[in-house]
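Participant: Take this structure first; my questions come after.
The values are calculated or read from the model by the stated rules, or taken from the named source; none is laboratory data. None of these values were measured; they are calculated from a predicted model. Cβ coordinates were reconstructed from backbone atoms using ideal geometry, including for glycine residues, and neighbour counts include every protein chain displayed.
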Amino acid sequence: MSPFGIVLTHGAGGNARAPLLIRIAEAFEEAGWSVLRYDLPFRQRKPFGPPSPAGAAEDRAGLRAAVTQMKSVATHVCLGGHSYGGRQASVLLAEEPDLAVGLLLLSYPLHPPKKPQQLRTAHFGQLRTPALFVHGTKDEFGTAEEMKVAVALIPAKTGIQMIEGAGHDLMKGAFDVRKRVVELFGRLCK
């Protein structure tokens, strides 16, 4: 059995084969983690298109099942996701804080682009799971300052890694995934 495992899921427009998820998964695997890249239920039903708000609970149920599956191969299981996947992971862990020992949020969609008044943080006060936010300085879903203010609402251990020059996909802006994500996240979760 592996000491650490992580379930990673995708954003609204992607799937588990997204280049970012592959890059992050490979870095975790190289560090000795067990990794499951997971397609959310909405993506399992249709290969393209965004999720429906009515299906969010089903997507969280799928994440719960994926974490349960990972617990059969890893002692300490974490949950992570890009954008929509991270949002659903964070809502799930706000509802079920003992489900995972860590939360990795890649480009958390703090608000829709150009709509900073529509914050997606109502559940942040209930998060008890250590969380690392990895966010690009050019991400239209939240500025660095907005992220700092929002993350301060979380009563658990948190960290923010701002990636200079990166947008919402985190693919622009060179950064060392192993040092800036995997090692930092591992320390946060211990």
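Participant: Go through (1) aliphatic (A, V, I, L, M); (2) in a loop (DSSP other than H, G, I, E, B); (3) over 16 Å from LEU132 (Cβ atoms) and name the single condition VAL91 misses.
Facilitator: (2) is the only condition that VAL91 fails.
Participant: Can you tell me which residue within the range 160-190, out of those that are farther than 24 Å from LYS114 by Cβ and touching a Pro at 6+ places or on another chain (Cβ under 8 Å), is surrounded by the most Cβ atoms within 10 Å (Cβ to Cβ)?
Facilitator: Selected residue: CYS189.
Participant: Then there's this: Could you grab me the full set of residues in the range 26-54 that are without any contact (Cβ under 8 Å) to a residue 40 or more places away in the chain, assigned to a helix (DSSP H, G or I) and crowded, with 16+ Cβ neighbours inside 10 Å?
Facilitator: Passing the criteria: PRO41, PHE42, ARG43.
Participant: While we're looking at this one, here's another question. Among the residues of the range 123-157, write down those that are under 23 Å from GLU96 (Cα atoms), assigned to a loop (DSSP other than H, G, I, E, B) and among the hydrophobic types (A, V, I, L, M, F, W, C).
Facilitator: Of everything in the range 123-157, those that are under 23 Å from GLU96 (Cα atoms), assigned to a loop (DSSP other than H, G, I, E, B) and among the hydrophobic types (A, V, I, L, M, F, W, C) turn out to be LEU127, ALA152, LEU153, ILE154, ALA156.
Participant: Take the range 1-60 and flag every residue that is modelled with pLDDT of 95 or more, among the aromatic types (Phe, Trp, Tyr) and out of contact with any strand residue (DSSP E or B) (no Cβ under 7 Å at 6 or more places or on another chain).
Facilitator: PHE42
Participant: Moving on to the next point. Can you confirm whether ALA65 is small (Gly, Ala, Ser), part of a loop (DSSP other than H, G, I, E, B), under 16 Å from VAL35 (Cα atoms) and at pLDDT 95 or above?
Facilitator: On the way: small (Gly, Ala, Ser): yes; part of a loop (DSSP other than H, G, I, E, B): no; under 16 Å from VAL35 (Cα atoms): yes; at pLDDT 95 or above: yes.
So ALA65 fails the test.
Participant: Give me the residue from the range 57-114 that is aliphatic (A, V, I, L, M) and under 8 Å from the mean Cα position of the chain (by Cα) and, out of that set, surrounded by the fewest Cβ atoms within 10 Å (Cβ to Cβ). Talk me through it step by step, then tell me what you get.
Facilitator: Of the residues in the range 57-114, the ones aliphatic (A, V, I, L, M) are 57, 61, 63, 65-67, 70, 73-74, 77, 79, 89, 91-94, 99-101, 103-106, 110.
Add one more test, that the residue is under 8 Å from the mean Cα position of the chain (by Cα), and what stays is 79, 89, 103-106.
On the way: LEU79: 31, ALA89: 32, LEU103: 32, LEU104: 28, LEU105: 26, LEU106: 28.
By that ranking, first place goes to LEU105.
Participant: For the range 17-42, what are the residues that are under 12 Å from LEU63 (Cβ atoms) and of a type outside the set (Phe, Trp, Tyr)?
Facilitator: LEU36, ASP39, LEU40, PRO41
Participant: Assess whether ALA150 counts as being more than 15 Å from ILE24 (Cα to Cα) and in contact (Cβ under 8 Å) with a residue 40 or more places away in the chain. Walk me through how you get there before you give the answer.
Facilitator: Details: more than 15 Å from ILE24 (Cα to Cα): yes; in contact (Cβ under 8 Å) with a residue 40 or more places away in the chain: yes.
Yes; evaluated as a whole, the condition is true for this residue.
Participant: Within 13 Å of the chain's Cα centre (by Cα) and not in a helix (DSSP H, G or I): does that describe LEU8? Talk me through it step by step, then tell me what you get.
Facilitator: Details: within 13 Å of the chain's Cα centre (by Cα): yes; not in a helix (DSSP H, G or I): yes.
In short, yes.
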